[in-house]
Amino acid sequence: MKPSSKLTSLAVLCTNILYVSAGCYTHGEKWANQGDAVYHTGRACRGFDGNKGAFQGWFASGEVKNLCYQYGDQKWEFQITNLNQGAGFDLNDDDCANGLASEIIGCESGGQSDNAGWRFRADPNNGKC
């Protein structure tokens, strides 16, 4: 492989790495238990035991919904924002759960990303809700 090809390959690799991790927080607490975090966000998105989940239902234009879950000494802070400034929407339950799960599983210290007009944020921190 020519040196210029090696540099091009390295540049592409570095670009992909930066793109994949761009939404992840690089400092702060790590998830005490990623599996439990995914489980609880699934309940917040899909409902549980006949109860409505915190993220179910209508989001007005620009509305932000928050949930804080206490897990031992950690508080898990979750947030979903409807980025559409012109209309409200009902976020699909599976899209909700998958959006938050991506920030939990893909980011050891939590993260934030925008997808299809929605912002998903998941952040583990020390302290109480």
ask   = Pick from 82, 66, 126, 98: which is under 12 Å from residue 45 (Cβ atoms) and out of contact with any helix residue (DSSP H, G or I) (no Cβ under 8 Å at 6 or more places or on another chain)?
value = 98
Which numbered condition residue 74 fails, given (1) touching a residue at least 40 places away in the same chain (Cβ under 8 Å); (2) of a type outside the set (Phe, Trp, Tyr); (3) within 14 Å of residue 121 (Cβ to Cβ) = (3)
remark   = The lone condition residue 103 fails out of (1) farther than 17 Å from residue 125 by Cβ; (2) of a type outside the set (A, V, I, L, M, F, W, C); (3) touching a Ser or Thr at 6+ places or on another chain (Cβ under 9 Å) is (1)
inquiry  = Criterion first (touching a strand residue (DSSP E or B) at 6+ places or on another chain (Cβ under 8 Å) and on the phi > 0 side of the Ramachandran plot) does residue 127 satisfy it?
reply    = yes
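Every number here is computed from the coordinates shown, using simple stated rules; none is lab data. Computed from a prediction, not measured in an experiment: that's the story for all the values here. Counting neighbours? That spans all protein chains shown, and the Cβs are built from the backbone with ideal geometry, glycine included.
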